[in-house]
Amino acid sequence: MNKTFTLKPADINRTWVIVDAAEVPLGRLSSVVASRLIGKYKPTYTPHVDDGDYVIVINADNLVVTGDKESAKTYYRHSGFPGGLKERSLKEQRVLGSSKIIEKAVKGMLPKNKLATDRLARLRVFGGAEHTHNAQKPVKLEVK
């Protein structure tokens, strides 16, 4: 009789992965990063246990988008007061902080549950090619 495998929190093994944002479009990058944060690629994946990896994204300033998204994609925020809706294009958001673009795209691809905050906390985004996590010895991940 086969038994269902369930990962225990003591058996979690996290690795550090580094991804270059200048190589692939935003959607493909964020889906791969979200999959790594969730840990869904692992054979030990268990839905209710957070088994994802740490992900470092470099070159966020050189982010690639296809088509007309640079001017057509809009980010909204609301102050909570009547008439408080503000909007920004991708081009404007890139000037203010390109790391927020990647964080928001990855956040949208994570499941909306209690584990989402902890998963998003393991995402580190840097604008340039330098990062502060050399001591963790991250492995470069090729995104196709």
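Using the Cα centre as the reference, give the magnitude of the dipole from point charges on the C-beta atoms of the stretch 1-125 (Lys, Arg: +1; Asp, Glu: -1; all else neutral), rounded to the nearest 20 debye.
Numbers: 22 positive and 13 negative charges, 74 e Å.
Once rounded to the nearest 20, the dipole reads 360 debye.
Taking residue 112 as the anchor, which aspartates and glutamates have their alpha carbon closer than 14 Å to its alpha carbon, excluding any fewer than eight residues away along the same chain?
Cα-Cα hits under 14 Å: 50.
Which of the three applies to the stretch 1-135, rounded, prolate or oblate, going by the alpha-carbon gyration tensor with a ≥ b ≥ c and a/c under 1.5 meaning rounded?
On the way: a/c = 2.33, a/b = 1.62, b/c = 1.44.
In terms of gyration-tensor shape, prolate.
Positive end of the dipole of the stretch 1-105, charges at C-beta (+1 Lys, Arg; -1 Asp, Glu), about the Cα centre: which of 6, 80, 90 has its Cα farthest in that direction?
The listed residue farthest towards the positive side: 80.
Taking amide hydrogens as modeled 1.01 Å from N in the peptide plane, which residues meet the under 5 Å criterion relative to residue 57, leaving out close sequence neighbours?
Residues meeting the criterion, in which the H sits 1.01 Å from N, are 19, 124, 125, 126.
Which of the residue pairs 8/40; 42/140; 73/107; 100/144; 73/104 have a Cα-Cα distance greater than 21 Å in the structure shown? Spell out each step's value before the answer.
Working: 8/40 15 Å; 42/140 17 Å; 73/107 16 Å; 100/144 23 Å; 73/104 13 Å.
Flagged as over cut-off: 100/144.
Over the stretch 68-142, what number does the Rg to Rh ratio reach, with both radii from the alpha-carbon atoms and Rh per Kirkwood?
Answer for the stretch 68-142: 1.04.
Can you give the extra length, in nm with one decimal, that the chain gains between residue 1 and residue 95 once fully stretched, where that is 0.36 nm per residue apart less the Cα-Cα distance? Don't jump to the answer; show the numbers that get you there.
Details: separation 94, 0.36 × 94 = 33.84 nm, distance 5.87 nm.
Answer, rounded to one decimal: 28.0 nm.
Every number in this text was worked out from the coordinates using simple rules, so none of it is lab data. Here the structure is a predicted model, which means the values were calculated and not measured. Note that each Cβ is placed from the backbone with ideal geometry, even for glycine, and that neighbours are counted across all protein chains shown.
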